[in-house]
Number of protein chains: 2
Amino acid sequence: MPQTPHIERHFTGSETVRDLVIGMSDGLTVPFALAAGLSGAIDTTSIIVTAGLAEIAAGSIAMGLGGYLAAKSDAEHYFSERVREESEVVEKPEIEAREVADVFQSYGLTAAESKPVVDALRKRPQSWVDFMMRFELGLEQPDPKRALISAITIAGAYIAGGFIPLGPYLFLAKASSALPISVITTLVALAIFGYTKGHFTGAPPLRSAIQTVLIGGLAAAVAFMIARVIS
Amino acid sequence: MPQTPHIERHFTGSETVRDLVIGMSDGLTVPFALAAGLSGAIDTTSIIVTAGLAEIAAGSIAMGLGGYLAAKSDAEHYFSERVREESEVVEKPEIEAREVADVFQSYGLTAAESKPVVDALRKRPQSWVDFMMRFELGLEQPDPKRALISAITIAGAYIAGGFIPLGPYLFLAKASSALPISVITTLVALAIFGYTKGHFTGAPPLRSAIQTVLIGGLAAAVAFMIARVIS
């Protein structure tokens, strides 16, 4: 679904940081919870490794490819709406001019107060279309090259995140030995990730760290309990 | 991270639809791929059911709670930025007035052409703040009640989606018997889901259906192959 990227003066993270956060957030949490959960039911790490790798593959494809197609359809949506606005400012200029005035009216401006802007935009059809795209439809021009880079970044971050909780299971034969190492390593990784994420998104880093650890820990604890109860 | 919901005339889906799509999209795909993947390595459905339920629990908590906290921090971000804008329009009205003119200048308007709007906004501080939040910072006022409803909707859709591929494994003892039923049922569900999603998001429904089936099918096929190779 199209979403308007926000323009924010104090946001220090780029789109790449956003993609890394999206991928790593789920990559650290879900494979961690799955491995911890299975440790509650099975003591053979080979099955847990199989499940973990299958999950990492599935999750990274679902997130990466899903993100790629969503970005592509955002771009198509933008351009089809733009074509429509371009024909509307030519064919129905009166209606479009009233729509500009309506935007301003919602901020308490009278038609007389917004008229100079409406008139100025009417003289510049290209800027008028830009204005309508942004202020009436709330759509930003997407970067056509973003989709692929975004997909690869998200999928890569998911895979990198997923190998942190899975690591101990790759090297140890017994789940009961791997679990505590996986839990400690992943909780530390979640804390560092949450702290860094807070730093980039402008949220208080310490609170961000606590929240990230909490989500990951809760997901893993619930998965462990479910697996133990049903096995 | 805060994202501005877009205002779109032809978008027929509500925020609830968006949340259902987010949750069900991953809920149908990831547990499906995990179960299919494990079927490539293990023939006992009880282990696959354990892994599947652990994954559904982990995924729904990660998505639901993650979404809840993201919405909460969006709301906090909005209000802290709003407080700052409110003090800025009082303390540095000249700078803020120039920022309004800058917004219009990026659409080719001269300072003289945008002056009536700048003057009109200066007379109405509350509308001025509203205008700056939306047009300078690109932030929309969040609904404080949305976060919880959104979290429950996403998590519920993930769980509902996840039980479709897992269903056959719950009733059959052998993974080799459950897998084909799970694949057919889930691919049909993905097609229906993709078609419906297209209808709501404005994408061509048939193409949306094909894409959804493709992502789910590819994730499951890759997971199956990885599990088969390593086991």
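The values are calculated or read from the model by the stated rules, or taken from the named source; none is laboratory data. Only a predicted model underlies this, so the values are computations on that prediction, with no experimental measurement involved. All Cβ positions, glycine included, derive from the backbone under ideal geometry; neighbour counts span all protein chains shown.
What to note about this one:
- Only one of the numbered conditions (1) closer than 13 Å to B:PHE135 by Cβ; (2) in contact with a helix residue (DSSP H, G or I) (Cβ under 6 Å, 6 or more places away or on another chain); (3) within 10 Å of chain A (Cβ to nearest Cβ) is not met by B:VAL100, and that is (3).
- Assessment of the range B:183-205 against the conditions (at the interface with chain A (Cβ under 10 Å from one of its Cβ atoms), surrounded by fewer than 18 Cβ atoms within 10 Å (Cβ to Cβ) and at pLDDT below 95) yields at least one matching residue.
- Filtered residue count, the range B:104-143, keeping only those that are more than 9 Å from every other protein chain (Cβ to nearest Cβ), of a type in the set (A, V, I, L, M, F, W, C) and under 32 Å from the mean Cα position of the chain (by Cα): 3
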